[in-house]
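The values are calculated or read from the model by the stated rules, or taken from the named source; none is laboratory data. Not measured: the values here are computed from a predicted model. For neighbour counting, all protein chains shown are included, and Cβ atoms are generated from backbone atoms with ideal geometry for every residue, glycine included. Side chains included, ligands, DNA and RNA excluded: accessible areas come from the protein's heavy atoms. Shrake-Rupley method; radii C 1.70, N 1.55, O 1.52, S 1.80 Å.
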Amino acid sequence: MTVASELRHYPFEPFTGDISDELIDMLETNPISRVILPDGREAWLVLDYASCCTALSDPRFSRIPLGATGLPDTSGPRDLNMDGPPHASLRRVASRPFTARRMDSYRPRVQRIVDELVDAMIAGGQPADLVSSLVAPLPLLVVCEVLGVPAEDRRRFYGWLAGLNSVMAYGSTDAQNAQQELRVYLGEQLVVKRKTPGDDLLSAWSADQSTHQLTDTELIELAMGVLVGGIEINSSATGLRALFQHPEQLAKLLADPSKAAATADEVLRYTTVSNLFRVQVVAEDVELGGVALRAGDCLMALPWLGNRDPKFFPDPNVFDIDRVQPVPHLTFGFGPHFCLGSALGKMQVELAIGTVLRRLPTLAPAIPLEELPWRHDRVNCGIAEFPVVW
């Protein structure tokens, strides 16, 4: 058993969407080490695949702070950020509408949204910004579709969502007011869905409410969880960047569009849209990857580094759309908090990349890829602007 003593500052360099050589070296030689997070806290940084899986699934690692008893504080209404039985009971209800059949039913709708966005981008002429034309609006439109937000309310809805994942706005009065207004709106929509249910998540959850003893507050928090996780899916932009960086892979996809689904999985494994993840708390003394962790320690697992673990992904730094993945990538998490909307998120990446390349096979970046600006004001950084021509 070893205990790392050296403290490093994390992140090590400005975020560029790529995994630095230093992190790759740490993954190989020092996958669990002590770091100082941007907020000044000391934490254990967990990089390798197996340890990430353990940290994300073992109940001894808590997503919420420890209470006065030394155990996670689970007071208040249930939400998807809880652990243990309160989370499990809520997640069972939350996951019920996310069936394979329902997700398949969304495919034509998502395809229609993608086509309409590409139509508008083409009509606007070139160069066009791939982010503002397609990548940014797509998840907003899809999440409105999934939650059943009426078309006439969507402009107001977008305004509330604008600062939801903003690092700069976090905790501000404006952000708090927007979230409160959004919660009020979702509560009003629950009333509407009970009277006239539709084929959407709010209707499905409302129908389960009495059976599973859900409160309106818990239903609203479920919807908020879907919004936070679903409004920023930036992998379509980073995926196209990866394809342009690897023209032989782009050629394979253009020659065989049926590879779009496999391409989406490799994009999700290979690309990085954030350099942070949720900070967890160690609930009791435990050994992880041969390192002793103490109760109360902070810990942050980096699943996208686990996606580059050579013990699980042969030649992990090679971008290959024909890769056979022996284990699932960790981009959507692992264990009890695995992303409910993972199938829908992957579908968006698949359809966005597949459609824009099918309709615009000569698509190319309008500026050098190294000059693409990255967003540093968001939880999921992503590319700020991506000028393209065709």
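The residue of the stretch 350-381 that is most open to solvent (accessible area, probe 1.4 Å), among those that are closer than 23 Å to Ala223 by Cβ and not in a strand (DSSP E or B), is Val379. Close Cβ contacts (under 9 Å, 6 or more residues apart or on different chains) running from residues in the stretch 182-202 that are more than 11 Å from Ile220 (Cα to Cα) to residues that are open to solvent by 70 Å² or more (accessible area, probe 1.4 Å) and at pLDDT below 90 comprise Lys193/Ala207; Arg194/Ala207; Pro197/Ala207.
Could you please let me know if Leu130 is of a type in the set (A, V, I, L, M, F, W, C), modelled with pLDDT of 90 or more, more than 30 Å from Val282 (Cβ to Cβ) and open to solvent by less than 20 Å² (accessible area, probe 1.4 Å)? Explain how you work it out, then say what you get.
Details: of a type in the set (A, V, I, L, M, F, W, C): yes; modelled with pLDDT of 90 or more: yes; more than 30 Å from Val282 (Cβ to Cβ): yes; open to solvent by less than 20 Å² (accessible area, probe 1.4 Å): yes.
Criteria met by Leu130.
Of all residues in the stretch 77-124, those satisfying the criterion of being modelled with pLDDT under 95 and among the acidic types (Asp, Glu) are Asp79, Asp83, Asp104.
For the condition assigned to a loop (DSSP other than H, G, I, E, B), open to solvent by less than 40 Å² (accessible area, probe 1.4 Å) and aliphatic (A, V, I, L, M), Leu227 does not qualify.
Could you grab me the full set of residues in the stretch 249-272 that are open to solvent by 30 Å² or more (accessible area, probe 1.4 Å) and within 16 Å of Gly345 (Cα to Cα)?
Ala261, Ala262, Asp265, Tyr270 - these are the residues of the stretch 249-272 that are open to solvent by 30 Å² or more (accessible area, probe 1.4 Å) and within 16 Å of Gly345 (Cα to Cα).
Determine if the stretch 295-306 includes at least one residue that is open to solvent by less than 10 Å² (accessible area, probe 1.4 Å), small (Gly, Ala, Ser) and over 18 Å from Val324 (Cα atoms). Yes, there is a match, as at least one residue in the stretch 295-306 is open to solvent by less than 10 Å² (accessible area, probe 1.4 Å), small (Gly, Ala, Ser) and over 18 Å from Val324 (Cα atoms). Of the residues Val131, Val110, the single one that is within 28 Å of Glu221 (Cα to Cα) and within 22 Å of the chain's Cα centre (by Cα) is Val110.
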